[in-house]
1. Quick one: length gained pulling R16 to E46 fully straight, 0.36 nm per residue minus the C-alpha distance?
2. Provide F67, F112 ordered by accessible surface of protein heavy atoms (probe 1.4 Å), highest first.
3. Suppose a student asked you for the relative contact order of the chain, using Cα pairs under 8 Å spaced at least 6 residues apart; what percent would you report?
4. Taking the simple approach of a point 7 Å from Cα along Cα-to-Cβ for both E88 and R102, what is their distance in nm?
5. With labels modelled as points extended 7 Å from the Cα through the Cβ direction, what inter-label distance (nm, one decimal) is found for N58 paired with T77?
6. Hey, what do the phi angles of the range 90-107 turn into as Karplus ³J(HN,Hα) couplings, whole Hz, using 6.51/-1.76/1.60 and θ = phi - 60°, x for Gly and Pro?
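The values are calculated or read from the model by the stated rules, or taken from the named source; none is laboratory data. No experiment lies behind these values; they were computed from the predicted model shown. Counting neighbours? That spans all protein chains shown, and the Cβs are built from the backbone with ideal geometry, glycine included. In case anyone asks, the SASA skips ligands and DNA or RNA and just uses the protein heavy atoms, side chains included. Shrake-Rupley method; radii C 1.70, N 1.55, O 1.52, S 1.80 Å.
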Amino acid sequence: QVQLVESGGGLVQAGRSLRLSCAASGMIGSFNVMGWYRQAPGKQRELVATITSGGSTNYGDSVKGRFTVSRDSATNTVFLQMNSLNPEDTAVYYCYAYHSFRAYWGQGTQVFVSS
């Protein structure tokens, strides 16, 4: 059974940085896609960033130039480096993985950015 476990969330001041990690277990081989989505209170879940097994990346417009997604395919771990954080980045961040027509989600980690 595939499980995704996020870590690295917390409280940070605006302008600072934070790094999220997500470790997957129960998977044989590499996921086609791994990445991050987020959901702020009262809003829909939105794309933050994804990365394919080949290294192609895709970012949400609001994080381009500030966030960087990376992965270690050997260990099925995905990272999100978040720089220049602002209060609008406050949300629950969910790890995402996709393989063989199935999507997997983590439980989420809270990021709170104070002004």
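1. Details: separation 30, 0.36 × 30 = 10.80 nm, distance 2.19 nm.
Full-extension gain reported as 8.6 nm.
2. F112, F67
3. The value is 36 percent.
4. Between E88 and R102, the simple spin-label model gives 3.7 nm.
5. Spacing of the two 7 Å Cα→Cβ label points: 2.6 nm.
6. With the stated coefficients, the range 90-107 comes to 4, 4, 8, 9, 10, 6, 9, 9, 9, 7, 6, 6, 10, 9, 10, 10, x, 7 Hz.
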